[in-house]
1. Quick one: I379, I535, fewest Cβ neighbours within 10 Å first, how do they rank?
2. Using R₀ = 25 Å, calculate the FRET efficiency as 1/(1 + (r/R₀)^6) where r is the Cβ-Cβ separation of D327 and T109; round to 0.05.
3. Taking the simple approach of a point 7 Å from Cα along Cα-to-Cβ for both A129 and S465, what is their distance in nm?
4. Explain nothing, just the number: relative contact order of the chain, from Cα pairs under 8 Å at least 6 residues apart, as a whole percent.
5. Give a residue-ordered list of calculated ³J(HN,Hα) values for the range 59-71 (Karplus: 6.51 cos²θ - 1.76 cosθ + 1.60, θ = phi - 60°; whole Hz; x for Gly, Pro).
6. Considering only Y142, T94, N131, whose Cα is most displaced toward the positive end of the charge dipole of the range 94-150, charges sitting on Cβ of Lys, Arg (+1) and Asp, Glu (-1)?
7. Placing +1 at every Lys and Arg Cβ and -1 at every Asp and Glu Cβ, with all other atoms neutral, what dipole size does the range 161-266 have around its Cα centre, in debye to the nearest 20?
8. List every residue whose amide H lies under 5 Å from the amide H of A490, counting only residues 5 or more places away in sequence or on a different chain, with H placed 1.01 Å from N in the peptide plane.
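What follows draws every value from the coordinates through simple rules; no lab data is involved. Just so it is clear, the model here is predicted, and its values are computed rather than measured. Positions of Cβ are backbone-derived with ideal geometry, glycine not excepted, and every protein chain shown enters the neighbour counts.
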Amino acid sequence: MRSTLLSSLALSSLMLVGCSAAAIDTVTVDVNAERHAISPLIYGVNFPSAGQHALLNLKIARSGGNATTRYDWQTDATSSGSDWYFLTHTGDGTTPSFGPDKFVTDNKTAGAESMLTVPIIGWVAKLGANNAWTWSFSVAKYGAQLQSEPGRPDAGNGIKPNGTKVTGNDPTDANKSVAISYQQGWIQHLIGKFGKASAGGVKYYLLDNEPCLWQETHRDVQPTGAHMDDMWLKSRNAAFMIKSVDSSALVCGPEEWGWLGYKYSGYDFQWLGANGWNNTPPDRSSHNNMDFAPWMLQQFKNYNTQTGTRLLDVFTLHYYPQGNYGDSDTSQAAQLWRNRSTRSLWDRNYIDESWINDKIYVLPRMKDWVAQYYPGTKIGITEYNFGAESHISGAIAQADTLGIFGRENVDLATRWVAPATSSVTFKAMQMYRNVDGQKTGFGDTSVKTTVANPDDLSAFGSVDSAGGAVRVMVIHKRLSGNATVDVNLAGLKKVNGKATVYQLTSGNQITKLADVQPSGSKITLTVPPQSITLIIQKAVYPVVSTPTKVVKS
């Protein structure tokens, strides 16, 4: 680890009330205000192992990413696209749906819902004789290329030695064209094996993956970016097919990658890249100058109005911070930026500190779009990652993000991908779901929580509908100096006994600290820099109604 390791003894001493501290912070938790259920589905990940399932107490897992766009369920093969030399290769097995079947089985064993990506691009991977691997840019067929796959010198990267792209390739070299009825066979296979969603089968189906980037990631079969109308037809037909086979399944989309994917179709993204970003994109301008993502919502709403059938259940996007720092950058500047960058998820006034240079406020924006264009649609973030997985700054951003998802009433979220079990970021997720190995974690009902400056110290309050405890996550983001924190619990009738405290620091260990005695309804403690602290206070508070049904976790 790059950070200084703190011993358990040192951590305990930091909790003593009255220690000198470089900063004083006040957290106010009002258990009667802004109450709403926290969905246990916001703590999901992509591709967890069986061990990670248990340690994170997961309730949902996603199978997504670029490799799912051309997955062939009949041969369990897929294409790596531009991620790895446009190779078509076998997956975990060679029998129909072997990989997804195992994925769903593992999730069911762990008690988690499954999210599977349904390819809608119109192509699936094609193996050679005897399941031999194939590739789209043969050096022998298309000439010398800048790079070839190690061990397969004929598998080029589709880039000529002069840096230009190979064009005019035959997409059937390593792929085959299919209609959406081909995927219908897969859904029917899954139902035959696991039952319908209402009977414990696959509950969530996603409409492909990041279509705005198909012309880059999958340019061997989609060299020209997809138009808005084309994406609507593909999405509508796929969603209709899924619902016709299993009306109890939930459809998620459009699964776009980020800011430019929210705004532009693949066609416009490609056109603007070639013609300059200050020009007027033709596809968007011919569709009332609407952003792509809300336009898709509008089309689903119009279809619902015309037919009485809802085809889209969850409005899902991806979010990756676009700052000037790499995923592995843990310089002081990068850590401070990571502390601030989570504001782009929620703060309507925060200007993103990247090439975007605009107010993003992803989650409120998604809610605004849903309210305007398709009320009643749930929202989800099915890919996100703040980098620095093995560093405390990545853990701080992860913990902050989970708190934000709960406070902002997100319906589901799945991190890309599951962090390494040994990482401090993995333990940051455990702080919310399984801090003690007994599935103790954050509460299931969010309540109003205020702090002075969330870039220095953020906090999230909750109550446990079953046990009557108030649970507060305090995230101290400063890079140095202890902080004395006053946690004021408002709206309680009384507190019961001492507060239980768990803490995670750069030492990469979750430690149970000495219990803290409240003073009235105030809990005072001292926390080290770059730390995540869960406070659990048993209490009696007035019975108030919760607007949203609490989903038991």
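1. I379, I535
2. The value I calculate is 0.20.
3. In this crude spin-label approximation the distance works out to 6.2 nm.
4. 20
5. 3J(HN,Hα) across the range 59-71, in whole Hz: 10, 7, 9, 10, 10, x, x, 4, 5, 7, 5, 10, 5.
6. Y142
7. 400
8. Hits under the 5 Å cutoff: V29, D30, V31.
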